[in-house]
1. Defining a contact as two alpha carbons under 8 Å apart and six or more residues distant in sequence, what relative contact order in percent does the stretch 1-65 show?
2. Mind checking which lysines have their Cα closer than 20 Å to the Cα of LYS60? Skip sequence neighbours fewer than 8 apart in that chain.
3. Let me check against my output: what whole-number percent is the relative contact order of the chain, with C-alpha pairs under 8 Å and at least 6 apart?
4. So for the chain, taking the charge dipole from beta-carbon charges (+1 Lys/Arg, -1 Asp/Glu), which of SER141, VAL131, GLY33 sits furthest toward the positive end?
5. Mind jotting down the three principal axis lengths of the stretch 1-65 based on Cα atoms? Whole angstrom, largest first.
6. In straight Cα distance, which aspartates and glutamates are under 20 Å from LYS204, not counting same-chain residues fewer than 8 positions off?
7. Report the FRET efficiency, 1/(1 + (r/R0)^6), for LYS60 and TYR98, where r is their Cβ-Cβ distance and R0 is 41 Å, rounded to 0.05.
8. Straight distance only, please: which lysines reach the Cα of LYS198 with their own Cα at less than 20 Å, same-chain residues fewer than 8 apart left out?
Amino acid sequence: MTGDDNFCVPATASHGWEDISEEDLFESQIRQGWHRDEGAERRLQDFTRKLFGEKADIRKEYKGFMVSPLPKSIIVPDTVLIYGNAEQITHIIQALVYDGRNFPTSGYWGFGESCMKGGLIPFLTQVPQIVVPGTGDRTFSGVFDYEIAIGLPGSLIFEVSANLFKTGGRLNMGMPVKTLLARGIKAKLTPGFDFLRKKIDERKKV
């Protein structure tokens, strides 16, 4: 996809595929009316610019991108965007942070998040991003009302695959999620709960 293929002109401009000034991009978004006034739009633009990180200028080196379904990709992609319900995305986040790193970080604004946080920002920063699908996702792409998404550097997909469902061992919530009726539950249900309960009881006896 290049700027010639993409009907979403603001995304083309934000990704740096065409030579469009920041002021023209800013003016186009004021005319969209997504936010209260010019000041609100300026604050949003400043906010998203900070999310691009120190390598924002690298955008000027690209004119588009290639995309393919992950199972059929012949290369390790720069970025992977995964849609799912909250339970599925929770499992992916837990797999990412299983080794105590790769923590997703996100700010939310509800417009163009899949373009920015699903693709561009993980590419620029190498940090996973949680995505709240916005108007384009919901109206054009058929994203379901229960779906959210996560964008991550492509190299991390191997860690996700290796660590999926490992969190908590046998206590992992699984898929579909295993639920419990909270009646008469004792602290010894899990090793960590049991350990802390004994420590608390010991301190009370002192």
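Every number in this text was worked out from the coordinates using simple rules, so none of it is lab data. Model, not experiment: these values are computed from the prediction. Ideal geometry is used to build each Cβ from the backbone, glycine not excepted, and the neighbour counts take in all protein chains shown.
1. Values: 41 pairs, mean separation 29.0, N = 65.
Relative contact order comes out at 45 percent.
2. Within reach: LYS50, LYS117.
3. Numbers: 244 pairs, mean separation 39.3, N = 206.
Here the relative contact order equals 19 percent.
4. Of the options given, the answer is VAL131.
5. The principal-axis extents, from largest down, are 33, 28, 15 Å.
6. Cross-link targets: ASP194.
7. In this case the efficiency is close to 0.70.
8. LYS186, LYS188
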